[in-house]
Each structure stands twice: as C-alpha cells, then as structure tokens.
1. Could you point to the residue in A:PRO78, A:TYR118, A:MET47 farthest towards the positive end of chain A's charge dipole, with +1 and -1 charges on the Cβ of Lys/Arg and Asp/Glu respectively?
2. Of B:CYS36, B:VAL51, B:PHE84, which is farthest towards the positive pole of region B:1-98's charge dipole, taken about the Cα centre with +1 and -1 on the beta-carbons of Lys, Arg and Asp, Glu respectively?
3. For region A:8-39 and region A:110-128, what is the separation of their C-alpha centers, rounded to whole Å?
4. Out of residues 5 or more away from A:ASN138 or on other chains, whose amide H comes under 5 Å of its own, with H placed 1.01 Å from N in the peptide plane?
5. Pull out a ≥ b ≥ c, the square roots of the eigenvalues of the alpha-carbon gyration tensor of the protein assembly as shown, then state rounded if a/c is under 1.5, prolate if not and a/b is larger than b/c, and oblate in the remaining case.
6. Using the Cα centre as the reference, give the magnitude of the dipole from point charges on the C-beta atoms of region A:1-140 (Lys, Arg: +1; Asp, Glu: -1; all else neutral), rounded to the nearest 20 debye.
7. Whose amide H sits under 5 Å from the amide H of B:ALA26, counting only residues 5 or more places off or on another chain, with H placed in the peptide plane?
8. With labels modelled as points extended 7 Å from the Cα through the Cβ direction, what inter-label distance (nm, one decimal) is found for A:ILE146 paired with B:GLU53?
Amino acid sequence: MLNNEVIRIDRLPVVQPLNNQEEDSLILEWYEVNRTIIKRESAAGRMIHLDKPSSAVLKQGLVIYQDEICVIRIFIKPCTCMVLQSSNMEMVGLFCFDVGNRHLPIYMIDDHKIAIAYDGRLFPALQQKYGASVTLANYRLDPSQIINCYGNIYEQNIKTKK
Amino acid sequence: MHEIAIVKDIFKTLEQAYPETYENIAKITIEAGLLCNVQPILIQNAFEAFVLEETRFRETELEIELLPIIAYCKQCTSQFEVRFHKFVCVCGQPSDQIVQGEELRISQVIFKD
Ligand SMILES: [Zn+2]
C-alpha cells in the first residue's frame, strides 16, 4: 500500500541484498541524469524528493532508494537519436569532432554505432555531411555509454595524485 | 557557452516579472522545441553550474519539457507530428509549415509555499 509520505533521498543507498521488495522506478529523460534536485512521482506513485550530490550520475538501473517494501531504480526513457554507423575511423573521428564542438555528449551504442540525441536543426546538417551513414532510431542514452576523451582531466588527476 | 547566457536570461526575466518573490521560486519549467537549436542537456547542465554559484537558488528545480515538431498539412487542413524528421503528412503531402517545435520559453513557475 502506498501512503502519501514523501521519500527524501539525499544520498544514494548502499544496496542491500534484495528481498522480494516491490520494484519501482524514477523515470527520467536522457538529459536529466545530472540534475541535483528532482521532485517527482515514481512509476508506482511514490512522491520522491531527490537531492543528490552533484558528483553522482543517475545511470539506468541505479538503485536510489531501498527499504523493506520497495526498491526504486532509475529508468531512462529511450529517445530518438541520430546514429552514425561506420567502420571508417576517420569518419567516426570527424563526426565526434563536429558534435563535440557543440559540447554534446556522444554515446557508444555498440562497436560500430555512436549516437547523440535527435535535434531538428543538427540532423539535416549531419545528414548532408555524412550521408546515409547517419540515420535516426530510438535508443536509451545511458550516461555509462558516454564517450569520454578528457585529456585535461586525466592530467589533473595525475597532478593531484602526486 | 551560450546556454549559460540562456539560463542567466531566464533568471533575469523572472526577476523582472516577480521582483519581490523571485528568490522563492521552487520550480521553473521550460518548454524547448526540437527545432529551437538548443540542446536540453546543455541547458540542464548550465543550470546546475549556475546554481552552484548562485547558492540562493540551490533549492530551485529546473525541468525541461521537449516539444515535438508539429507541422500543418494544407491538404487535410490538420496538424501532424513530425517523427524521425519526416515532414510528410499521413496523406502523403509534404509540408514544412511548422506549427510547433521552434519555441524556447518559460512555461511554468512555481513558488515555495
Ligand atoms: Zn495531410
């Protein structure tokens, strides 16, 4: 049974072994995974006030709450994506450069597919440049699939370790 | 990055509209069309960076609602949703007469009780 109590989450739980609790989800759009404050009903109707530390990233399936009754996980809604499918590394590199210049996250869907969220202005431009290698399809853009190439951050990490 | 400017603009607009109460805003909802030339993730991230600096808005939520592209078909005199970038009505008539998708606007502001 649901009561009207608000579930306040200000840190992520250390997940305990599951014990047949009810599975519930906090449904997010792909672009909401970095939000710190989210006040929203779960899929089953529980009111959630999420106030997460800004370093935590909300990935698909992440447990954000657990008690004896329920387990609440992150569910990221799939969306329309612009997908580049190519084994031509030069083309992949150029595409990442073009998209990266707009500061957009790029997702690795599988070995020869990369995706970014559909944008009605960007799509015709990409199609003109990359032709039939760029198509549209629905995918879930999960932050665990983001391609990272932050050389500067890597160097910073080395410096702080010294 | 021009998304930071957009976020600052949103707060400036709200300050002008609600000079006495704007620091008590609990939630701002933005509608962004798929043709508005602004990616929702960049606005969302710019907002998170903004409230890190402007800590008085630390408790404020920003929610973005993406608006699908809707076009008008002259032949059917009705509207249709553009899915997968196909600007073609179910009747087969192409149309680039856009009814929705270009907007970027504040659609709702909720204040703390
Ligand atoms: Zn028609």
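Only the coordinates and a few stated rules stand behind these numbers; no lab work does. Not measured: the values here are computed from a predicted model. Please note: Cβ atoms are built from the backbone with ideal geometry, for glycine as well, and neighbour counts cover all protein chains shown.
1. Positive-most Cα among the choices belongs to A:TYR118.
2. Sorting the options by dipole projection puts first B:PHE84.
3. 29 Å
4. Counting only residues 5 or more places away or on other chains, the set is A:CYS81.
5. Details: a/c = 1.43, a/b = 1.23, b/c = 1.17.
Taking the square roots of the gyration eigenvalues as a ≥ b ≥ c, the protein assembly as shown is rounded.
6. Values: 15 positive and 16 negative charges, 81 e Å.
It works out to roughly 380 debye.
7. Amide H neighbours of B:ALA26: B:ILE110, B:PHE111, B:LYS112.
8. My value for the distance between the label points is 2.0 nm.
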